[in-house]
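The block underneath contains the structure these notes are about, expressed in structure tokens.
The values are calculated or read from the model by the stated rules, or taken from the named source; none is laboratory data. Since this is a predicted model, take the numbers as computed values, not measurements. Don't worry about glycine lacking a Cβ; one is built from the backbone with ideal geometry, like all the others, and counts go over all protein chains shown. Calculation scope for accessible area: heavy atoms of the full protein, side chains included, ligands and nucleic acids excluded. Shrake-Rupley method; radii C 1.70, N 1.55, O 1.52, S 1.80 Å.
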There are 2 protein chains.
Amino acid sequence: MAYAEQFIDKLRKSGLRPTKQRIKICEVLFDTDKTFHFTIKELVKIIENQANIKVSLATVYNTIHAFIKKGYLKEIPLNASQSYYDTNVTHHHHFFDEEENRLIDIHQDDVDEVNIKKTIPGKKIKSVEVIAKIVSDNQSQK
Amino acid sequence: MAYAEQFIDKLRKSGLRPTKQRIKICEVLFDTDKTFHFTIKELVKIIENQANIKVSLATVYNTIHAFIKKGYLKEIPLNASQSYYDTNVTHHHHFFDEEENRLIDIHQDDVDEVNIKKTIPGKKIKSVEVIAKIVSDNQSQK
DNA sequence: TAATACATTATATTTATTCTAAACTGTTGA
DNA sequence: TCAACAGTTTAGAATAAATATAATGTATTA
């Protein structure tokens, strides 16, 4: 099971012991070159479909939060009833399609550097996120 | 009660009848030149402190949603346990101070136009929001 | 002013998330 | 091998924001 080494490494670096359940979560999140967006509910569904092991909600939440703290995942700043997470932790932005409830990456190169001239004394900027909401562009619609 | 005319007008244009409770909500939200941010909980608290009338949560939620639909209020796209709303509906952006749970306006002029080169077929951009998270800038902190 | 349509309210419901406490597991050291 | 311990998992309870419900109340209209 040498391919699990990277997962075990990620877990250890996040301060977590490598357990069956956590490695399974890693397999779903990190075992591919492609990055993706997900909600906790979706993640649990994927795990249930793929695995013969059961993972509780509490374990999923705990693990996700540890990965976010470590920087292996990002939370996407979006008003929604549930939180969206991103396995793409590089600096980038998002379209949010409100009609289809779908997130689409915008590569950093596709947005000019966001240059904020205002500063707050004693504070520094930790992150800058752009969310562009998109809707259908039907001519027929008003 | 001539000063209430503007509130009655806003309510009617939002498709709502002007009732005591709704006018009270308007007084809190719109009876000042200054714009501000609020959560539902904060709004209810302000109303309770100012008014001798009782307004139920359901009425507050319904009224706020009608105003958002009409464009008299904006929801601020922020991951938080509760939603934040803004009486400033002009195009602008926000700092979010995670340590103090505080929103600060960034005037449109203080951010260069966000120019997104990527497009999605059949979709048009409805809104673009920038959220810059800020934290303390202590030298003592790592 | 009567009839109607819409509002308000308290309460129940829903749903995401967090908490809890008991049972479990893996590691360490004797 | 086993006891002890620290950390894990889990089901279910708790929490809290937001929404739905249904009975009662109020504004509007003709």
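Structure notes:
- Buried accessible area, chains A and B (both chains, 1.4 Å probe, Å² to nearest 100): 3800 Å²
- Carbon plus sulfur fraction of accessible area for chain B, probe 1.4 Å, in percent: 47 percent
- Loop-located trypsin sites (Lys or Arg not before Pro) across the stretch B:4-53 with a Cβ neighbour count of 14 or fewer within 10 Å are B:Lys34, with loop assigned by DSSP.
- Estimated from helices alone, the mean residue ellipticity of chain A at 222 nm is -9500 deg cm²/dmol (sum of -39500 (n - 2.57) over DSSP H runs with n ≥ 4, per residue).
- Average other protein chain Cβ within 10 Å of Cβ, residues A:107-118: 5
- With coordinates expressed along the principal axes, the C-alpha atoms belonging to the stretch B:90-134 extend over 40, 20, 17 Å, beginning with the largest.
- Summing Cβ point charges (Lys, Arg +1; Asp, Glu -1) relative to the Cα centre of the stretch A:90-134 gives a dipole of roughly 620 debye.
- To the nearest ten degrees, helix B:57-70 and the longest principal axis of the Cα atoms of chain B are 60 degrees apart.
- Dipole-positive endmost among A:Ile40, A:Ala66, A:Ala4 within the stretch A:2-76 (Cβ charges, Cα centre): A:Ala66
- Taking GluC sites (Glu not before Pro) across the stretch B:21-120, the ones in a DSSP loop with at most 16 further Cβ atoms lying within 10 angstrom of their Cβ are B:Glu98, B:Glu99, B:Glu100, B:Glu113.
- Annotation: extensible slack from A:Asn49 through A:Glu5 equals 13.5 nm (criterion: 0.36 nm per residue apart, minus Cα-Cα distance).
- Label geometry 7 Å along the beta-carbon vector: B:Glu48 inter-copy distances in nm: 3.8
- The dipole here belongs to the stretch A:2-76: it is taken about the Cα centre, uses +1 on the Cβ of Lys and Arg and -1 on the Cβ of Asp and Glu, and is about 300 debye.
- Between this copy and the others, label points of A:Lys34 are 5.1 nm apart in ascending order, each placed 7 angstrom from Cα in the Cβ direction.
- Here the relative contact order of the stretch B:90-134, from alpha carbon pairs under 8 Å that lie six or more residues apart, stands at 50 percent.
- Per residue value of the accessible surface for chain B (all protein chains in place, 1.4 Å probe), Å²: 58 Å²
- Inter-copy spacing of B:Ile116 label points, which lie 7 Å from Cα along Cα→Cβ, given in nm from shortest upward: 1.9
- Cα centroid of the stretch A:66-142 to Cα centroid of the stretch A:14-54, whole Å: 23 Å
- Working note: Cα atoms of chain B, range along each principal axis, descending, whole Å: 52, 47, 26.
- The length gained on full extension between B:Thr19 and B:Val89, counted as 0.36 nm times the residue separation minus their Cα-Cα distance, comes to 22.8 nm.
- Fraction of antiparallel bridges per DSSP, chain B only, in percent to nearest 5: 75 percent
- Largest first, the three principal axis extents of the alpha carbons in the protein assembly as shown are 77, 55, 40 Å in whole numbers.
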